[in-house]
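All remarks here apply to the structure that follows.
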Amino acid sequence: MKIITNNPLVKTELGKRDDVEILYMDITYREILTYVRDMVHQGYILLTHPLSGSVKPNENRYRSIGLSDRPGKSLDFKSLEIIESAIVTFDKFKPKNMVVGDRIINDMQFIDYTLISSVF
């Protein structure tokens, strides 16, 4: 499995595993979705839903998404439909420009980490 993430906690904790490749990028949630969409176009298959959990996209700045470890021979249209729909849904929410302290940042990271680590 390959995990695309902007969450440093996921990089640190799941990066210790031998059965997963972590691709960490210091980018926005929206940019994570776009990057994953581009990977789906290259033949990767979504293994986790890009909007998993009950947290609205504008309430957490961290997102980790699981993909197949290598691209397939053709485009997976179900994965494409899911990621495109996730981008549309993300864009429906107005961004919250809230100032948050370290405790809230840690909570956001932990929520995302818990969601992606539950796959294992």
Counting only residues that are closer than 18 Å to residue 30 by Cβ and either in contact with a strand residue (DSSP E or B) (Cβ under 6 Å, 6 or more places away or on another chain) or part of a loop (DSSP other than H, G, I, E, B) (or both), the stretch 80-109 contains a total of 8
Any residue at all in the stretch 89-100 that is loosely packed, with under 11 Cβ neighbours inside 10 Å and modelled with pLDDT of 95 or more?
no
Residue in the stretch 21-40 that is among the polar types (S, T, N, Q) and either touching a residue at least 60 places away in the same chain (Cβ under 8 Å) or over 15 Å from residue 112 (Cα atoms) (or both) present:
yes
Tally, over the stretch 3-48, of residues that are out of contact with any helix residue (DSSP H, G or I) (no Cβ under 9 Å at 6 or more places or on another chain), open to solvent by 70 Å² or more (accessible area, probe 1.4 Å) and among the acidic types (Asp, Glu)
4
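Residue by residue through the stretch 1-20, note down the ones that are touching a residue at least 12 places away in the same chain (Cβ under 8 Å) and assigned to a loop (DSSP other than H, G, I, E, B). Steps first, answer last, please.
Of the stretch 1-20, the ones touching a residue at least 12 places away in the same chain (Cβ under 8 Å) are 1-11, 13-14, 17, 19-20.
Within the stretch 1-20, 1, 6, 7, 17, 19, 20 qualify.
The values are calculated or read from the model by the stated rules, or taken from the named source; none is laboratory data. As the structure is a computational prediction, the values presented were derived from the model and not from experiment. Please note: Cβ atoms are built from the backbone with ideal geometry, for glycine as well, and neighbour counts cover all protein chains shown. For the accessible areas, the whole protein counts, side chains as well, though only heavy atoms, and no ligand, DNA or RNA atoms are used. Shrake-Rupley method; radii C 1.70, N 1.55, O 1.52, S 1.80 Å.
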